[in-house]
4 protein chains.
Amino acid sequence: MRINAHKIFTSSPGDITELEKLIATGVVNPSEVICIVGKTEGNGGRNDFTRDLAMRSFERLFSGLLNIPVEEVQDRIIFSLSGGTEGVVSPHIIVFTQTGGILENKMSEKRLVVGTAYTREFLPHEIGRKEQIDETARVVTELMNSLKLVPQDVHLVQMKGAIPKCSYEEQVQSEKTSRPIRSNMVYSRGASALGVAVALNELPDGVAVTDDHVCHDWSLYSTIASTSAKPGLNRTEIMLFGNSYYSTSDLVIGHGVVRDLIDSVGIKDVLTQLGFEFDVQLSPEQSSRIIGVFAKSEADERGWIRGHRHTMLTDDDISDTRYSRCVLAAVISSILGDTSVYVSTRAEHHGPQGGGNLAIIKKV
Amino acid sequence: MRINAHKIFTSSPGDITELEKLIATGVVNPSEVICIVGKTEGNGGRNDFTRDLAMRSFERLFSGLLNIPVEEVQDRIIFSLSGGTEGVVSPHIIVFTQTGGILENKMSEKRLVVGTAYTREFLPHEIGRKEQIDETARVVTELMNSLKLVPQDVHLVQMKGAIPKCSYEEQVQSEKTSRPIRSNMVYSRGASALGVAVALNELPDGVAVTDDHVCHDWSLYSTIASTSAKPGLNRTEIMLFGNSYYSTSDLVIGHGVVRDLIDSVGIKDVLTQLGFEFDVQLSPEQSSRIIGVFAKSEADERGWIRGHRHTMLTDDDISDTRYSRCVLAAVISSILGDTSVYVSTRAEHHGPQGGGNLAIIKKV
Amino acid sequence: MRINAHKIFTSSPGDITELEKLIATGVVNPSEVICIVGKTEGNGGRNDFTRDLAMRSFERLFSGLLNIPVEEVQDRIIFSLSGGTEGVVSPHIIVFTQTGGILENKMSEKRLVVGTAYTREFLPHEIGRKEQIDETARVVTELMNSLKLVPQDVHLVQMKGAIPKCSYEEQVQSEKTSRPIRSNMVYSRGASALGVAVALNELPDGVAVTDDHVCHDWSLYSTIASTSAKPGLNRTEIMLFGNSYYSTSDLVIGHGVVRDLIDSVGIKDVLTQLGFEFDVQLSPEQSSRIIGVFAKSEADERGWIRGHRHTMLTDDDISDTRYSRCVLAAVISSILGDTSVYVSTRAEHHGPQGGGNLAIIKKV
Amino acid sequence: MRINAHKIFTSSPGDITELEKLIATGVVNPSEVICIVGKTEGNGGRNDFTRDLAMRSFERLFSGLLNIPVEEVQDRIIFSLSGGTEGVVSPHIIVFTQTGGILENKMSEKRLVVGTAYTREFLPHEIGRKEQIDETARVVTELMNSLKLVPQDVHLVQMKGAIPKCSYEEQVQSEKTSRPIRSNMVYSRGASALGVAVALNELPDGVAVTDDHVCHDWSLYSTIASTSAKPGLNRTEIMLFGNSYYSTSDLVIGHGVVRDLIDSVGIKDVLTQLGFEFDVQLSPEQSSRIIGVFAKSEADERGWIRGHRHTMLTDDDISDTRYSRCVLAAVISSILGDTSVYVSTRAEHHGPQGGGNLAIIKKV
């Protein structure tokens, strides 16, 4: 297997001109594209239509190139478009291509492999509960096995979590029962992350996750999951990134924990783990070898950072989601010397409370 | 002269309980307070009333303690309250006190001195023009001389720029002439900074500043000025901070340039200049010795950061002023390991375009 | 009893110059002021400090005039300052004064009377529950009786609802029990309104309100309550407005229901009830006789208005609270021909779902 | 000529399912569609991509139905999509179809006719100046003549104004000359409206419009123009709506002036002109006959409405464009009893300062 990754800057959410050029010049073979991850310049919220606009471009493009109906494009390629390029972040996409499968013979160094899969379809009442956790864990485990990886090799599980539709009346009705429907973004992200944590042995010994842990016990988390969630999606889409001896990619991935929003030490640790030596900021040459940066952020809901009050949660003009993305992306950018970072917010069980996690892909 | 500085966190814009405690316990002598600088949790814009609320508290407090009318408090103490604690910033104030004047005899090391002064009152048509620049330069020069400083000793000139009132009709009328009235925040900040640049020899040799340079030629700037501007203020309030052999303070100040919003190298340079040795983040012990951090920020109006597009200027939901403060404060905080930083935005002639400047005060 | 009301426009939240003039010229006797209701230009949310700023002005003013400590001003006068002057609304206050008590002898026409009172202090676990409803109903009933009113005479009960403080840990702990702490704005407003509905016989026959009804069964509501709620307030402040034969005021009050945000018919009904005859907008003379307009608004949480989708609830850039105030105030203003209206949002049990209620005071 | 109009509600900006149904059932013949006007739920600003998303849907749909390349759809059909459904406004589109041309013989009553045309392409330096005004007036006059209309018959000229691209450097350079480039939204809208005013004799006798009038002399305006402007568009797109004896439509159009944002009288006048008799709100039957409502709004830049201060211009959290659309749409909706109104903001020379204009199409 050989994974390539192309970072492409966009001039607006629907802009695919650079990707079209890479395809026209043979740099990217459309039939080899397995997933596209990117940041679009919306607000990341319910009325963020920039992701839909980007999808229209991708669907029109790949429908023509692959000669398939528009509706089938998302069955062939997994898309993870995240709205919100607050502050310095430059809107961009990363196009991953794959040629070949897992090698028969071991290479001398571990290199990037990627696998994609889907969970089964969920019912509204399963979201945010044991059913979603178990199914997510099952698929992640299968993906890992199919790529000949062990948990230590896995550095990023990018997911788009299911949120099956449920009517206002069903929701209201269920809230009177002991099992209110949790089919919303918060719970779908939380359970997805816990599913990864289960599959990759990230939980403390002896902890058996239950419905009650989801979005309540923040001491349980994955440092590897990265989940967005999409209303109306019935199954969770999963992309697993790891390093394997059975790959000829010239890319490797590493990951780590961001303990709070100003944890430059944690960010540098990931870069050091990837072999970069530097002071406070990568050199332009080093920076140019960074292909993908994926982080999860959260404004600490307790209202404090290192002992001092922050005001992100009490600001009724600007959402804390926008602040936390803005902050963490700025801090990461200042260390990379580059503003093409993917930070997605709401980090339920994605790293410690008030922090998040981080994965970086570099060219060797 | 001995300058002390007390950093105090607030629980809301009008909160002065910690300051009252410091006064009650004798740590702060109210008659020695010369200026108070701080960040309040408003939007930093026209409808930011958090600064007024803070002023009500200070006026009530010092009016009682100094036994003077409420109206005279601002004649005794200079206040520089800046709205906007976006992202991680923790609302806080720094209370500067002074005992004694400039020493007769030289000490072995340069230490912090502070002087305060006012320009004469301006007329609306003088703002943003040569008249404001010259008067600002004159007062800064006098202050510097009175503190026995040379330009190299001065590291921060904190100003609240005058914006004398002018009616809508006068404004409209003047726009038909060759000398439209510039009595607004943009021009008052710009001319104030250029006044400092003139006084401290920061401009290239041979450049004689004219009205046309103000807010047009961004290659001219001060690395030392820090200006906010207040509608209705008729004279500019000036606080000058420098290091002098004729001081017994246990504080020193340094400053530098922030070339763009992700310039962690420039930020570290200032800390290194102040004698801190560290990797990517100060240790808690080092961080505890940082008393004041004052920066100016700006979203690059050309729309690019290090070759990549940013979206701060085309976001019609959130002002670029809030983004640039959020970003620069986050980056600085991540290096300090502390979120009590003062970043004020709109940096017309305050550092290079798209960047800003930075001054830091530490305890020796 | 004679109630006077003075509508005063402000130039900023802390502006009291017009009120000072009215006092200086003897129009307003400060010792007769019983309550001040007003709109300030904040966001009406958690970081709206405009109300605090206004209070500073009022406290300083009345402390001096009444020769009482600043802290006691709120014990002498009830203040109901509501943030949010979205759209056309002009920031203003209405100062109510009272001379004399309830008359011994009946007059020929019913005129405005006002009474003020406080509930006992609440504990956090009582808020949003039967305890708060019952205590509110008790105080409203007492007030009504003390003013010799029957329920049909009461047209507005303006309240500032208690929200006793509760720690994050207590809150989290209580959520694991069958009686989670509801000490927040939503529940305090809801239970306050239901308390009024109970006292004034506004509920359907046979309905006995329980904890489960609060903020769940929207078919139960008061058309007369108007509640804001303030974190940190331990008791609810209550002002009751009605019409009585035992009053010599030259003011009368009426009220009605706003069925949805575009219910111009409901608004006109209240004006007609007050004796105004007009087509689509009051004449300037009629409009000048309107002294106070108090409404509650809510963006319909079902997402529809008269069969068509609205987008107030899915807009993550602007809060629906700001939209609903903006909309209802605009509609009312267009009928009055005047923009000094007080619309406060979040109308839990204040009128039908998606609507609100409305009271108007006119000069006879 | 027969014009039909179909009002269609959308569930999101890209939703065209209802339109597809109307086409599938033969109600709408795609080859007869001449223009589509609609409101999408964006912010109406620079980062509003909802209009682009809607266009993707329309382009895909009509490209398939008309068997033309996607790029040619906008040459066949004129689209006027306006972002911003603040408050109660329900996102919707109105699809206009045309069969036949202007009749040979006069009918007994005037009915709706529509014509569409384009100006020549503009250069950046022509925008906001005499060249744009004259060319706009020329095309409007030609359109009017081609439809056998006189100025009194014309009730709406809907335009998308040209804003040819101009580099940052060209812009900066031009600002040093006596003819700064005005190729922006403000000036393109302003000159477009003045072009209509010229063509339809709306200006006072003897006034010859010059460059200096544009966006300066607000006493000059059209009550009929409705302009948005689109960066990157080189020519202005024009749709003219009038009533003619040579039409068999069952629609008629009327228009009027909105003197300020609470001018319910002006709004009722237009409905009365169209033959509706009602009190304060149309009956549901009357309301169902309203097919299109097109208004322009503006927050009065002088800061006052009927003598009282408004805060729309000093609110740095929410743009006045959003407020003014929200307000005027709410007021109109409250009179119609319906929330499908099209209000577009920025009304430079579109009605009196602080107001706007209004056109309504009804089914006879």
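The values are calculated or read from the model by the stated rules, or taken from the named source; none is laboratory data. Note that the structure is a prediction, hence the values are computed from the model and not measured. Note: ideal-geometry Cβ built from the backbone for every residue, glycine included; neighbour counts use all protein chains shown. These accessible areas exclude ligands, DNA and RNA; they are computed on the full protein's heavy atoms, side chains included. Shrake-Rupley method; radii C 1.70, N 1.55, O 1.52, S 1.80 Å.
Being among the aliphatic types (A, V, I, L, M) and closer than 14 Å to D:Ala347 by Cα narrows it down to one residue among D:Ala162, D:Ala197; which is it?
Sole residue among the options that is among the aliphatic types (A, V, I, L, M) and closer than 14 Å to D:Ala347 by Cα: D:Ala197.
Restricting to region D:70-90, count the residues that are assigned to a strand (DSSP E or B) and among the aliphatic types (A, V, I, L, M).
2
Between a residue in region C:72-92 that is more than 21 Å from C:Ile291 (Cβ to Cβ) and any residue that is surrounded by fewer than 24 Cβ atoms within 10 Å (Cβ to Cβ) and of a type in the set (Lys, Arg), which pairs come within a Cβ distance under 7 Å, given they are 6 or more apart or on different chains?
Once the first residue is more than 21 Å from C:Ile291 (Cβ to Cβ) and sits in region C:72-92, its partners that are surrounded by fewer than 24 Cβ atoms within 10 Å (Cβ to Cβ) and of a type in the set (Lys, Arg) give C:Gly83/C:Arg51.
Would you mind stating whether D:Lys296 is away from every other protein chain (no Cβ under 12 Å), open to solvent by 10 Å² or more (accessible area, probe 1.4 Å) and of a type in the set (Lys, Arg)?
In short, no.
What tally of residues in region D:70-93 results from selecting those that are modelled with pLDDT of 95 or more, under 20 Å from D:Phe49 (Cβ atoms) and surrounded by fewer than 16 Cβ atoms within 10 Å (Cβ to Cβ)?
0
Output the number of residues of region D:29-59 satisfying the condition of being farther than 19 Å from A:Ser12 by Cβ and either part of a loop (DSSP other than H, G, I, E, B) or free of Cβ contacts under 8 Å to residues at least 24 places away in the same chain (or both).
Looking only at that region, the number is 1.
Report the residue count in region A:59-93 for those that are among the hydrophobic types (A, V, I, L, M, F, W, C) and under 17 Å from A:Glu237 (Cα atoms).
5
Could you please let me know if C:Arg346 is open to solvent by 20 Å² or more (accessible area, probe 1.4 Å) and in contact (Cβ under 8 Å) with a residue 40 or more places away in the chain?
Taking the combined requirement at face value, the residue satisfies it.
In the list C:Val140, C:Val114, which residue meets the criterion of being in contact with a strand residue (DSSP E or B) (Cβ under 8 Å, 6 or more places away or on another chain) and assigned to a helix (DSSP H, G or I)?
One residue alone meets the criteria, C:Val140.
Sort through D:Ser146, D:Ser167 and tell me the only one that's out of contact with any Ser or Thr (no Cβ under 6 Å at 6 or more places or on another chain) and farther than 18 Å from D:Phe241 by Cβ.
D:Ser167 is the lone residue from the list that is out of contact with any Ser or Thr (no Cβ under 6 Å at 6 or more places or on another chain) and farther than 18 Å from D:Phe241 by Cβ.
One line per residue, one yes/no per condition, for (1) assigned to a helix (DSSP H, G or I); (2) within 14 Å of chain A (Cβ to nearest Cβ); (3) open to solvent by less than 30 Å² (accessible area, probe 1.4 Å):
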position: C:Ile3; (1), (2), (3): no, no, yes
position: C:Ser12; (1), (2), (3): no, no, no
position: C:Asp15; (1), (2), (3): no, no, yes
position: C:Leu61; (1), (2), (3): yes, no, yes
position: C:Leu65; (1), (2), (3): yes, no, no
position: C:Ile68; (1), (2), (3): no, no, yes
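Could you count how many residues in region A:137-159 are over 16 Å from A:Asn201 (Cβ atoms), open to solvent by 30 Å² or more (accessible area, probe 1.4 Å) and aliphatic (A, V, I, L, M)?
Count: 0.
Is it fair to say C:Thr321 is surrounded by fewer than 24 Cβ atoms within 10 Å (Cβ to Cβ) and not in a loop (DSSP other than H, G, I, E, B)?
Answer is yes for this residue.
A quick yes/no check of all residues on (1) crowded, with 17+ Cβ neighbours inside 10 Å; (2) in contact with a helix residue (DSSP H, G or I) (Cβ under 6 Å, 6 or more places away or on another chain); (3) small (Gly, Ala, Ser); (4) farther than 25 Å from D:Ser174 by Cα:
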residue: B:Val186; (1), (2), (3), (4): no, no, no, no
residue: B:Ala191; (1), (2), (3), (4): yes, yes, yes, no
residue: B:Leu194; (1), (2), (3), (4): yes, yes, no, no
residue: B:Leu200; (1), (2), (3), (4): yes, yes, no, yes
residue: B:His216; (1), (2), (3), (4): no, no, no, no
residue: B:Ser219; (1), (2), (3), (4): no, no, yes, no
residue: B:Ser222; (1), (2), (3), (4): yes, yes, yes, yes
residue: B:Gly232; (1), (2), (3), (4): no, no, yes, yes
residue: B:Met239; (1), (2), (3), (4): yes, no, no, yes
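Tell me which residues, restricted to region B:17-32, are acidic (Asp, Glu) and open to solvent by 60 Å² or more (accessible area, probe 1.4 Å).
If the condition is that a residue be acidic (Asp, Glu) and open to solvent by 60 Å² or more (accessible area, probe 1.4 Å), then B:Glu18, B:Glu20 are the ones that fit.
Answer yes if at least one residue in region D:273-293 is part of a helix (DSSP H, G or I), open to solvent by less than 30 Å² (accessible area, probe 1.4 Å), at the interface with another protein chain (Cβ under 10 Å from one of its Cβ atoms) and hydrophobic (A, V, I, L, M, F, W, C), and no otherwise.
no
Looking at region D:237-255 only, could you name the residues that are within 22 Å of D:Val95 (Cβ to Cβ) and in a loop (DSSP other than H, G, I, E, B)?
Result: D:Ser247, D:Thr248, D:Ser249, D:Asp250.
From the list B:Pro124, B:Pro69, exactly one residue is more than 19 Å from B:Ile34 (Cα to Cα) and free of Cβ contacts under 8 Å to residues at least 60 places away in the same chain. Which is it?
After applying the criteria, what remains is B:Pro124.
Return the residue satisfying two criteria in turn: it lies in region D:33-58 and is of a type in the set (Lys, Arg) and within 28 Å of B:Asp320 (Cα to Cα), and of such residues it is surrounded by the most Cβ atoms within 10 Å (Cβ to Cβ).
Here the residue is D:Lys39.
Can you tell me which residue in region D:160-171 is nearest to D:Ser228 (Cα to Cα), limited to those that are under 31 Å from the mean Cα position of the chain (by Cα) and exposed (fewer than 13 other Cβ atoms within 10 Å of the Cβ)?
Looking at residues that are under 31 Å from the mean Cα position of the chain (by Cα) and exposed (fewer than 13 other Cβ atoms within 10 Å of the Cβ), I get D:Lys165.
Restricting to region B:94-136, and then to whatever is among the β-branched types (Val, Ile, Thr) and at pLDDT below 95, can you tell me which residue is most open to solvent (accessible area, probe 1.4 Å)?
B:Thr116
Out of (1) open to solvent by less than 30 Å² (accessible area, probe 1.4 Å); (2) within 14 Å of chain D (Cβ to nearest Cβ); (3) of a type in the set (D, E, K, R), the odd one out for B:Glu301 is which?
Result: B:Glu301 fails condition (1) only.
From the list D:Ile262, D:Ile267, exactly one residue is in contact with a helix residue (DSSP H, G or I) (Cβ under 7 Å, 6 or more places away or on another chain) and in a helix (DSSP H, G or I). Which is it?
After applying the criteria, what remains is D:Ile267.
Could you please find all residues in region A:172-184 being outside any helix (DSSP H, G or I) and either open to solvent by less than 70 Å² (accessible area, probe 1.4 Å) or without any contact (Cβ under 8 Å) to a residue 24 or more places away in the chain (or both)?
The answer is A:Glu175, A:Lys176, A:Thr177, A:Ser178, A:Pro180, A:Ile181, A:Arg182, A:Ser183, A:Asn184.
Kindly indicate whether C:Thr321 is within 14 Å of chain A (Cβ to nearest Cβ) and free of Cβ contacts under 8 Å to residues at least 12 places away in the same chain.
Spelling it out, it is not the case that C:Thr321 is within 14 Å of chain A (Cβ to nearest Cβ) and free of Cβ contacts under 8 Å to residues at least 12 places away in the same chain.
Is it true that some residue in region A:144-161 is farther than 21 Å from A:Gly232 by Cα, free of Cβ contacts under 8 Å to residues at least 60 places away in the same chain, part of a helix (DSSP H, G or I) and touching a strand residue (DSSP E or B) at 6+ places or on another chain (Cβ under 7 Å)?
yes
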